[in-house]
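The values are calculated or read from the model by the stated rules, or taken from the named source; none is laboratory data. What you are looking at is a predicted structure, and each value in this text was computed from that prediction instead of being measured. Cβ atoms come from the backbone with ideal geometry, glycine included; neighbour counts cover every protein chain shown.
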Amino acid sequence: MLNFVRFLRMLIVVLIGLFGCLGTVPALACTNDEITLSNNECVPTKFSILINIPKKNSRFTFYLAATGTFYVDWGDGTVETINSTSLTRANKSHQYKSDGDFTVRLGGLATGYSSVTSYAGASFSLYSGGSSSMAYVKKIEGSLGAIFPTLNGGNTPETQPHFNSVFRGCTNLSDVIPDTLFSGINGPATVSMFEYAFYDTAFTGYIPYNLFSGITGTPTNMMYYIFNNNSTLATTCPTGTTQFITGYESYWNNKVACKPDSTSCDHAYGGACPDLCSWATQLKTSTGLSFPLYATKITTPAINVRKDGVTCYAPLETGVGGTGSLNIKYSGNTYHAGVIDN
(Lines give C-alpha, C1' and ligand atoms only; values in the text may rest on other atoms or scores of the structure.)
Protein backbone atom coordinates (compact mmCIF):
# COMPACT_ATOMS: atom_id res chain seq x y z
CA MET A 1 0.00 0.00 0.00
CA LEU A 2 2.79 2.41 0.89
CA ASN A 3 4.47 1.81 -2.44
CA PHE A 4 1.17 2.42 -4.27
CA VAL A 5 0.62 5.74 -2.49
CA ARG A 6 4.18 6.73 -3.26
CA PHE A 7 3.57 5.78 -6.91
CA LEU A 8 0.43 7.97 -7.09
CA ARG A 9 2.32 10.92 -5.64
CA MET A 10 5.09 10.50 -8.19
CA LEU A 11 2.52 10.22 -11.00
CA ILE A 12 0.81 13.48 -9.93
CA VAL A 13 4.18 15.26 -9.86
CA VAL A 14 4.98 13.98 -13.36
CA LEU A 15 1.55 15.03 -14.71
CA ILE A 16 1.88 18.50 -13.20
CA GLY A 17 5.27 18.88 -14.81
CA LEU A 18 3.98 17.57 -18.14
CA PHE A 19 0.99 19.98 -18.26
CA GLY A 20 3.26 22.79 -17.19
CA CYS A 21 5.52 22.09 -20.16
CA LEU A 22 2.46 22.07 -22.44
CA GLY A 23 1.62 25.58 -21.33
CA THR A 24 -1.41 24.77 -19.17
CA VAL A 25 -1.14 27.36 -16.43
CA PRO A 26 -3.78 29.05 -14.27
CA ALA A 27 -5.51 31.90 -16.09
CA LEU A 28 -4.72 35.39 -14.85
CA ALA A 29 -7.73 37.27 -13.53
CA CYS A 30 -8.98 40.15 -15.63
CA THR A 31 -9.01 43.64 -14.12
CA ASN A 32 -12.11 45.62 -13.18
CA ASP A 33 -11.76 47.51 -16.47
CA GLU A 34 -11.88 44.30 -18.53
CA ILE A 35 -14.51 41.77 -19.58
CA THR A 36 -13.69 38.11 -18.93
CA LEU A 37 -14.69 35.92 -21.88
CA SER A 38 -15.61 32.24 -21.67
CA ASN A 39 -12.06 31.25 -22.70
CA ASN A 40 -10.65 33.48 -19.92
CA GLU A 41 -9.45 36.05 -22.46
CA CYS A 42 -9.61 39.62 -21.19
CA VAL A 43 -10.98 42.40 -23.41
CA PRO A 44 -11.17 46.10 -22.46
CA THR A 45 -14.43 47.58 -21.23
CA LYS A 46 -15.00 50.64 -23.39
CA PHE A 47 -18.50 51.71 -22.38
CA SER A 48 -20.70 50.89 -19.41
CA ILE A 49 -24.34 51.44 -18.44
CA LEU A 50 -25.59 51.39 -14.84
CA ILE A 51 -29.16 50.10 -14.82
CA ASN A 52 -31.76 49.43 -12.16
CA ILE A 53 -33.92 46.36 -12.72
CA PRO A 54 -37.18 47.00 -10.85
CA LYS A 55 -38.34 43.39 -10.57
CA LYS A 56 -37.01 39.93 -11.35
CA ASN A 57 -37.44 38.51 -14.85
CA SER A 58 -37.34 42.02 -16.35
CA ARG A 59 -35.41 42.44 -19.59
CA PHE A 60 -32.88 45.07 -20.59
CA THR A 61 -32.47 45.71 -24.31
CA PHE A 62 -30.20 47.73 -26.56
CA TYR A 63 -30.06 47.91 -30.35
CA LEU A 64 -27.30 47.47 -32.93
CA ALA A 65 -27.11 48.37 -36.62
CA ALA A 66 -23.42 47.71 -37.17
CA THR A 67 -21.15 44.87 -38.19
CA GLY A 68 -18.27 43.73 -36.01
CA THR A 69 -17.52 41.67 -32.93
CA PHE A 70 -18.91 42.99 -29.66
CA TYR A 71 -18.67 41.79 -26.08
CA VAL A 72 -21.33 42.32 -23.42
CA ASP A 73 -21.01 41.66 -19.70
CA TRP A 74 -24.61 41.94 -18.50
CA GLY A 75 -23.49 42.47 -14.89
CA ASP A 76 -25.04 39.34 -13.39
CA GLY A 77 -22.30 36.89 -14.35
CA THR A 78 -23.49 36.47 -17.95
CA VAL A 79 -21.05 37.39 -20.72
CA GLU A 80 -22.03 37.32 -24.39
CA THR A 81 -20.05 37.60 -27.62
CA ILE A 82 -21.98 39.14 -30.51
CA ASN A 83 -20.68 38.50 -34.03
CA SER A 84 -22.78 40.92 -36.03
CA THR A 85 -22.80 40.46 -39.81
CA SER A 86 -25.94 42.51 -40.56
CA LEU A 87 -26.56 46.26 -40.77
CA THR A 88 -30.27 45.82 -40.07
CA ARG A 89 -31.32 47.08 -36.62
CA ALA A 90 -31.34 44.15 -34.20
CA ASN A 91 -32.20 44.03 -30.51
CA LYS A 92 -29.84 42.50 -27.95
CA SER A 93 -31.72 41.55 -24.82
CA HIS A 94 -31.06 39.93 -21.46
CA GLN A 95 -33.41 38.76 -18.73
CA TYR A 96 -32.46 39.29 -15.08
CA LYS A 97 -33.40 36.73 -12.46
CA SER A 98 -33.40 39.30 -9.66
CA ASP A 99 -34.00 42.99 -9.18
CA GLY A 100 -31.40 45.62 -8.22
CA ASP A 101 -28.56 47.60 -9.80
CA PHE A 102 -26.39 46.04 -12.50
CA THR A 103 -23.54 47.45 -14.60
CA VAL A 104 -23.70 46.41 -18.26
CA ARG A 105 -20.23 46.64 -19.79
CA LEU A 106 -19.48 46.67 -23.51
CA GLY A 107 -16.34 46.11 -25.56
CA GLY A 108 -15.37 45.16 -29.08
CA LEU A 109 -15.10 47.07 -32.34
CA ALA A 110 -17.46 47.93 -35.21
CA THR A 111 -16.37 47.32 -38.79
CA GLY A 112 -19.30 48.80 -40.76
CA TYR A 113 -22.40 51.02 -40.41
CA SER A 114 -25.84 51.33 -41.95
CA SER A 115 -26.64 54.13 -44.39
CA VAL A 116 -30.12 54.54 -42.87
CA THR A 117 -30.35 57.98 -41.21
CA SER A 118 -33.37 57.40 -38.94
CA TYR A 119 -33.10 55.76 -35.51
CA ALA A 120 -33.58 52.43 -37.28
CA GLY A 121 -30.05 52.82 -38.61
CA ALA A 122 -28.40 53.88 -35.34
CA SER A 123 -25.12 52.03 -34.80
CA PHE A 124 -26.00 51.74 -31.10
CA SER A 125 -29.14 52.90 -29.32
CA LEU A 126 -31.24 52.36 -26.20
CA TYR A 127 -34.35 53.80 -27.85
CA SER A 128 -37.17 51.55 -29.03
CA GLY A 129 -40.22 53.80 -28.91
CA GLY A 130 -41.90 51.59 -26.34
CA SER A 131 -39.42 49.51 -24.33
CA SER A 132 -39.30 49.97 -20.56
CA SER A 133 -35.52 49.41 -20.74
CA MET A 134 -34.92 53.11 -21.34
CA ALA A 135 -36.26 53.97 -17.88
CA TYR A 136 -33.82 51.51 -16.25
CA VAL A 137 -30.73 53.51 -17.22
CA LYS A 138 -29.18 55.57 -14.39
CA LYS A 139 -25.63 56.39 -15.53
CA ILE A 140 -23.24 55.91 -18.43
CA GLU A 141 -19.44 55.94 -18.53
CA GLY A 142 -16.73 55.56 -21.13
CA SER A 143 -16.67 55.99 -24.88
CA LEU A 144 -19.13 54.81 -27.50
CA GLY A 145 -16.64 56.15 -30.03
CA ALA A 146 -14.09 53.58 -28.89
CA ILE A 147 -16.49 50.81 -29.95
CA PHE A 148 -18.01 52.65 -32.92
CA PRO A 149 -15.18 54.79 -34.33
CA THR A 150 -14.92 56.63 -37.62
CA LEU A 151 -13.84 54.24 -40.40
CA ASN A 152 -11.66 55.13 -43.40
CA GLY A 153 -11.88 58.88 -42.91
CA GLY A 154 -15.63 58.98 -42.47
CA ASN A 155 -16.48 60.45 -45.86
CA THR A 156 -19.67 58.42 -46.38
CA PRO A 157 -22.61 57.41 -44.11
CA GLU A 158 -21.30 53.84 -44.12
CA THR A 159 -18.02 54.95 -42.51
CA GLN A 160 -19.43 57.15 -39.73
CA PRO A 161 -21.26 55.79 -36.68
CA HIS A 162 -24.83 56.97 -36.27
CA PHE A 163 -26.35 57.83 -32.86
CA ASN A 164 -29.84 59.01 -33.74
CA SER A 165 -31.96 58.73 -30.52
CA VAL A 166 -29.15 56.87 -28.74
CA PHE A 167 -30.37 57.85 -25.23
CA ARG A 168 -33.80 59.20 -26.16
CA GLY A 169 -36.40 58.51 -23.50
CA CYS A 170 -33.89 57.62 -20.77
CA THR A 171 -35.81 59.75 -18.27
CA ASN A 172 -33.84 58.50 -15.25
CA LEU A 173 -30.43 59.09 -16.80
CA SER A 174 -29.60 61.92 -14.41
CA ASP A 175 -25.80 61.92 -14.32
CA VAL A 176 -23.41 64.15 -16.29
CA ILE A 177 -22.56 63.51 -19.94
CA PRO A 178 -19.09 61.88 -20.17
CA ASP A 179 -16.73 64.07 -22.17
CA THR A 180 -15.19 60.90 -23.62
CA LEU A 181 -18.52 59.68 -25.00
CA PHE A 182 -17.73 60.32 -28.68
CA SER A 183 -13.94 60.11 -28.59
CA GLY A 184 -12.66 58.20 -31.62
CA ILE A 185 -15.23 59.87 -33.90
CA ASN A 186 -13.86 62.48 -36.27
CA GLY A 187 -14.18 63.98 -39.73
CA PRO A 188 -17.28 65.08 -41.66
CA ALA A 189 -20.56 64.57 -39.83
CA THR A 190 -23.46 62.86 -41.59
CA VAL A 191 -27.09 63.95 -41.75
CA SER A 192 -29.01 63.05 -38.56
CA MET A 193 -25.82 61.70 -36.95
CA PHE A 194 -26.82 62.93 -33.46
CA GLU A 195 -30.49 63.71 -34.08
CA TYR A 196 -32.60 63.26 -30.91
CA ALA A 197 -29.52 61.74 -29.21
CA PHE A 198 -30.24 63.23 -25.76
CA TYR A 199 -33.93 64.01 -26.26
CA ASP A 200 -36.13 63.49 -23.19
CA THR A 201 -33.27 62.57 -20.84
CA ALA A 202 -32.41 63.88 -17.38
CA PHE A 203 -28.69 64.57 -17.85
CA THR A 204 -27.39 67.19 -15.42
CA GLY A 205 -24.47 69.64 -15.46
CA TYR A 206 -23.47 71.14 -18.78
CA ILE A 207 -22.46 69.91 -22.23
CA PRO A 208 -18.73 69.04 -22.17
CA TYR A 209 -16.87 71.54 -24.33
CA ASN A 210 -15.05 68.76 -26.24
CA LEU A 211 -18.00 66.40 -26.70
CA PHE A 212 -18.09 66.96 -30.48
CA SER A 213 -14.52 68.15 -30.90
CA GLY A 214 -13.65 65.58 -33.57
CA ILE A 215 -16.60 66.42 -35.82
CA THR A 216 -16.45 68.87 -38.73
CA GLY A 217 -19.17 70.40 -40.88
CA THR A 218 -22.81 71.24 -40.17
CA PRO A 219 -25.06 69.20 -42.46
CA THR A 220 -28.82 69.75 -42.16
CA ASN A 221 -30.39 68.17 -39.08
CA MET A 222 -27.12 66.70 -37.79
CA MET A 223 -28.22 67.62 -34.26
CA TYR A 224 -31.94 68.20 -34.79
CA TYR A 225 -33.74 68.17 -31.39
CA ILE A 226 -30.61 66.76 -29.76
CA PHE A 227 -31.12 68.26 -26.27
CA ASN A 228 -34.86 69.05 -26.36
CA ASN A 229 -37.17 67.96 -23.55
CA ASN A 230 -34.30 68.24 -21.05
CA SER A 231 -34.81 70.86 -18.35
CA THR A 232 -31.83 69.86 -16.19
CA LEU A 233 -28.91 70.66 -18.50
CA ALA A 234 -27.45 74.12 -17.91
CA THR A 235 -28.46 77.10 -20.03
CA THR A 236 -25.67 79.23 -18.48
CA CYS A 237 -22.22 78.09 -17.46
CA PRO A 238 -21.66 77.77 -13.68
CA THR A 239 -18.98 79.53 -11.67
CA GLY A 240 -15.54 78.11 -12.43
CA THR A 241 -16.34 77.49 -16.09
CA THR A 242 -16.56 79.57 -19.26
CA GLN A 243 -18.94 79.06 -22.17
CA PHE A 244 -17.23 77.36 -25.09
CA ILE A 245 -18.63 78.16 -28.54
CA THR A 246 -18.74 75.08 -30.77
CA GLY A 247 -20.75 76.39 -33.73
CA TYR A 248 -23.54 73.87 -33.18
CA GLU A 249 -25.48 75.87 -30.57
CA SER A 250 -28.39 76.66 -32.92
CA TYR A 251 -29.50 73.02 -32.50
CA TRP A 252 -29.22 72.93 -28.71
CA ASN A 253 -32.43 74.51 -27.40
CA ASN A 254 -30.46 77.11 -25.35
CA LYS A 255 -28.17 74.54 -23.70
CA VAL A 256 -24.49 75.49 -23.37
CA ALA A 257 -21.08 73.85 -23.61
CA CYS A 258 -18.73 74.87 -20.82
CA LYS A 259 -15.00 74.58 -20.32
CA PRO A 260 -13.64 74.49 -16.76
CA ASP A 261 -11.33 77.37 -15.90
CA SER A 262 -7.64 76.60 -15.39
CA THR A 263 -7.60 75.30 -11.84
CA SER A 264 -6.29 72.23 -10.09
CA CYS A 265 -9.48 70.44 -11.09
CA ASP A 266 -9.68 71.55 -14.70
CA HIS A 267 -10.31 67.97 -15.79
CA ALA A 268 -13.59 67.77 -13.89
CA TYR A 269 -16.82 68.00 -15.84
CA GLY A 270 -20.43 68.36 -14.80
CA GLY A 271 -19.64 71.34 -12.58
CA ALA A 272 -17.99 69.57 -9.63
CA CYS A 273 -14.39 69.13 -8.53
CA PRO A 274 -13.66 65.57 -7.37
CA ASP A 275 -11.76 64.88 -4.17
CA LEU A 276 -8.00 64.60 -4.50
CA CYS A 277 -6.30 61.46 -3.27
CA SER A 278 -5.61 61.44 0.47
CA TRP A 279 -2.03 60.20 0.09
CA ALA A 280 -0.96 62.13 -3.00
CA THR A 281 -2.14 65.11 -5.00
CA GLN A 282 0.22 64.85 -7.91
CA LEU A 283 1.76 62.39 -10.31
CA LYS A 284 5.25 63.68 -11.13
CA THR A 285 7.39 62.64 -14.04
CA SER A 286 11.17 62.54 -14.05
CA THR A 287 11.15 65.86 -15.91
CA GLY A 288 9.30 67.58 -13.07
CA LEU A 289 5.87 67.82 -14.73
CA SER A 290 2.92 67.22 -12.41
CA PHE A 291 -0.54 65.78 -13.07
CA PRO A 292 -3.63 65.59 -10.84
CA LEU A 293 -4.52 62.42 -8.96
CA TYR A 294 -8.10 61.97 -7.84
CA ALA A 295 -9.74 59.62 -5.37
CA THR A 296 -12.41 58.61 -7.89
CA LYS A 297 -12.26 57.93 -11.61
CA ILE A 298 -13.80 60.85 -13.49
CA THR A 299 -12.90 59.70 -17.00
CA THR A 300 -12.59 56.35 -18.75
CA PRO A 301 -9.90 55.45 -19.56
CA ALA A 302 -7.73 56.85 -16.78
CA ILE A 303 -4.21 56.25 -15.49
CA ASN A 304 -4.48 54.12 -12.35
CA VAL A 305 -1.89 54.60 -9.62
CA ARG A 306 -1.97 52.19 -6.67
CA LYS A 307 -0.13 52.60 -3.37
CA ASP A 308 -0.68 50.98 0.04
CA GLY A 309 -3.88 49.36 -1.19
CA VAL A 310 -5.37 52.66 -2.43
CA THR A 311 -6.04 53.41 -6.10
CA CYS A 312 -5.88 56.96 -7.41
CA TYR A 313 -6.65 58.18 -10.92
CA ALA A 314 -5.08 60.65 -13.34
CA PRO A 315 -7.90 61.58 -15.76
CA LEU A 316 -7.37 61.40 -19.50
CA GLU A 317 -8.91 63.55 -22.21
CA THR A 318 -9.24 62.88 -25.92
CA GLY A 319 -6.46 64.13 -28.19
CA VAL A 320 -2.74 64.71 -28.01
CA GLY A 321 -2.94 67.70 -25.69
CA GLY A 322 -0.58 70.64 -25.51
CA THR A 323 3.10 71.01 -24.77
CA GLY A 324 4.16 68.83 -21.86
CA SER A 325 0.99 66.73 -21.78
CA LEU A 326 1.25 63.05 -20.93
CA ASN A 327 -0.02 61.09 -23.95
CA ILE A 328 -1.03 57.43 -24.12
CA LYS A 329 -2.62 55.15 -26.72
CA TYR A 330 -5.64 53.07 -25.68
CA SER A 331 -7.72 50.93 -28.03
CA GLY A 332 -6.36 52.82 -31.02
CA ASN A 333 -7.22 56.26 -29.64
CA THR A 334 -4.87 58.90 -28.19
CA TYR A 335 -5.56 60.42 -24.78
CA HIS A 336 -3.63 62.90 -22.68
CA ALA A 337 -3.34 64.09 -19.09
CA GLY A 338 -2.82 67.80 -18.79
CA VAL A 339 -0.04 69.46 -16.79
CA ILE A 340 -1.12 71.32 -13.63
CA ASP A 341 2.36 72.41 -12.54
CA ASN A 342 5.93 72.41 -13.82
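Annotations for the structure displayed:
- Asn221 on the phi > 0 side of the Ramachandran plot and modelled with pLDDT of 90 or more: no
- Restricting Thr78, Thr31, Thr69, Thr88 to residues that are hydroxyl-bearing (Ser, Thr, Tyr), surrounded by fewer than 18 Cβ atoms within 10 Å (Cβ to Cβ) and within 16 Å of Ala146 (Cβ to Cβ) narrows the list to Thr69.
- Leading residue by the ranking (surrounded by the fewest Cβ atoms within 10 Å (Cβ to Cβ)) among those in the stretch 194-225 that are under 23 Å from Thr111 (Cβ atoms) and touching a Ser or Thr at 6+ places or on another chain (Cβ under 8 Å): Gly214
- Taking first residues from the stretch 87-113 that are in the same structural domain as Thr67 (by TED's automatic domain parsing) and partners that are in a strand (DSSP E or B) and among the basic types (Lys, Arg), the Cβ contacts under 8 Å between residues at least 6 apart in sequence or on separate chains come to Ser93/Arg59; His94/Arg59; Gln95/Arg59; Tyr96/Arg59; Asp101/Lys138.
- For Ile51: the one exception among (1) surrounded by 11 or more Cβ atoms within 10 Å (Cβ to Cβ); (2) within 21 Å of Pro178 (Cα to Cα); (3) modelled with pLDDT under 95: (3)
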